[in-house]
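Engineer: First, the structure itself, so that you have it in front of you.
Derivation of every value follows stated rules applied to the coordinates shown; laboratory data play no part. The shown structure was predicted, so the numbers you read here are calculated from the model rather than taken from an experiment. Positions of Cβ are backbone-derived with ideal geometry, glycine not excepted, and every protein chain shown enters the neighbour counts.
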Amino acid sequence: MPSTTNVLDEARDLVVKRLAELDEERKRLERALTELGGGGKTTTTRRAPGRPRGSKSTSTSTASAAAATPRKKRRKRRGGTRADQAVGLIEGAPGISASDVAKQMKIKPNYLYRVLGDLEKEGRVKKNGRQYYPGS
């Protein structure tokens with residue numbers, strides 16, 4: 001009867017081999033999709049170095065491309081619901097920390113720090129150390 005560790009090693013080797021095969025097949029399929037002009041979720045269209053986000057790496061000049069197709073309008077923001085929600089929580093519990101506000105809002109604190117900085121500049125909240133208080 002073969003040892004248990006030998007059987008486990010063989011199973012592990014088979015799984016690793018199959019994963020490598022699947023990875024190669026995924027790469028082949030992604031190349032085929034790119035060549036067909038498809039831009040699905042698994043592929044990313046790369047822009048040329050130094051070009052701004054949202055621009056495509058085409059050979060046409062930007063002036064002629066802008067004249068040929070009208071620019072899409074950007075969607076307006078909905079009015080700062082996160083900021084209003086944060087102010088409401090701070091008014092409800094003066095002296096609350098940013099991480100506690102983020103936990104209650106169920107968002108990441110690093111996003112909330114940016115929102116709170118803007119609220120501070122607007123005078124809607126005041127910061128004292130790590131604690132936030134309602135503004136005047």
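Engineer: With each pseudo-label sitting 7 Å past Cα toward Cβ, what's the Arg130-Arg53 distance in nm, one decimal?
Structural biologist: Distance between the two pseudo-spin positions: 3.0 nm.
Engineer: Can you classify the range 79-136 as rounded, prolate or oblate using the Cα gyration tensor, where a ≥ b ≥ c are the square roots of its eigenvalues, rounded means a/c under 1.5, and otherwise it's prolate if a/b beats b/c and oblate if not?
Structural biologist: Here the range 79-136 falls in the rounded category.
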